[in-house]
1. Taking R0 as 25 Å, what's the FRET efficiency between Leu200 and Asp76 from their Cβ-Cβ distance, rounded to 0.05?
2. Between Lys90 and Arg142, 0.36 nm times their residue separation minus their Cα-Cα distance comes to what?
3. Measure off 7 Å from each Cα along the Cα-to-Cβ vector at Arg128 and Ile153, then give the distance between these two points in nanometres to one decimal.
4. On the accessible surface of the stretch 49-176, probed at 1.4 Å, how many percent belong to carbon and sulfur atoms?
5. Please compute, over every Cα-Cα pair in the stretch 56-164, the percentage with a separation greater than 18 angstrom.
6. Which whole-number value in Å² is the accessible area per residue of the stretch 75-137, probe 1.4 Å?
7. List the lysines whose Cα lies under 24 Å from the Cα of Lys20, skipping any in the same chain that are fewer than 8 positions away.
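The values are calculated or read from the model by the stated rules, or taken from the named source; none is laboratory data. It should be emphasised that the depicted structure is a prediction, and the values quoted were computed from it without experimental measurement. All Cβ positions, even for glycine, are placed from backbone atoms using ideal geometry, and neighbour counts span all protein chains on display. For the accessible areas, the whole protein counts, side chains as well, though only heavy atoms, and no ligand, DNA or RNA atoms are used. Shrake-Rupley method; radii C 1.70, N 1.55, O 1.52, S 1.80 Å.
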Amino acid sequence: RVRVLVQEEHLFWRSTTVPKVSRRHLTSLLALESKKFAADMWAQYQWNYRPSDAGAPDAQHQAIAVGAATAVTIEDLRSRVVSAGLRIDKLVPFPEAARCLAPVSDGEEATAMLDLGADHCRVTIVHRGEAILYRQIGLGGRQLGEELQTVSIPGRAAMTFSPEAAEDLKRRHGITHEPGSDALEDGVPLGQVTSALRPLLSLLLLAAPLRA
């Protein structure tokens, strides 16, 4: 048996608060609530929910985590697992997996879990052990690598790198040095590497809350 992680654009996930109702009415209520955020082709999704540890504002409400994936995606995952001679024990939405990796905090501090792929970035905000926000943003490592193919250096000509060299520079150094740092590697000012990447990373950080 295996547990399969569902991610990418095929996933809808949200933590929401709804009035306390019977289990029978809860399913209909969650479907209506979720359609506000994922109305397109909702009938083509398979979905489930569970009580959320985020907590409700009062005794008349309940916190629920709702996860859904396109039926086509689920069937594709099932067929791949079965063809390998295995059986799916559980389908796990990406935010559920991310919250298990976040440090546990009883206070008001929240943790942002960032999964940077080639073309997309997945952001999960975890608070008190519960994933309270999940977003996929159209910015990934490929764009960061492209940005590093030309590094501007004040008072000097810009340095250009091949795609392979830029990728290596990104992987080994990223934003580990402050802008203006005197650290060098093969003549490359590493502080300028940070300066080249920060505008894109700032865009990434701003995009998550704006799309909440």
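1. 0.20
2. 15.6 nm
3. 5.2 nm
4. 54 percent
5. The answer is 69 percent, as a whole percent.
6. Per residue, the stretch 75-137 has 56 Å² of solvent-accessible surface.
7. Straight-line reach from Lys20, under 24 Å: Lys35, Lys36.
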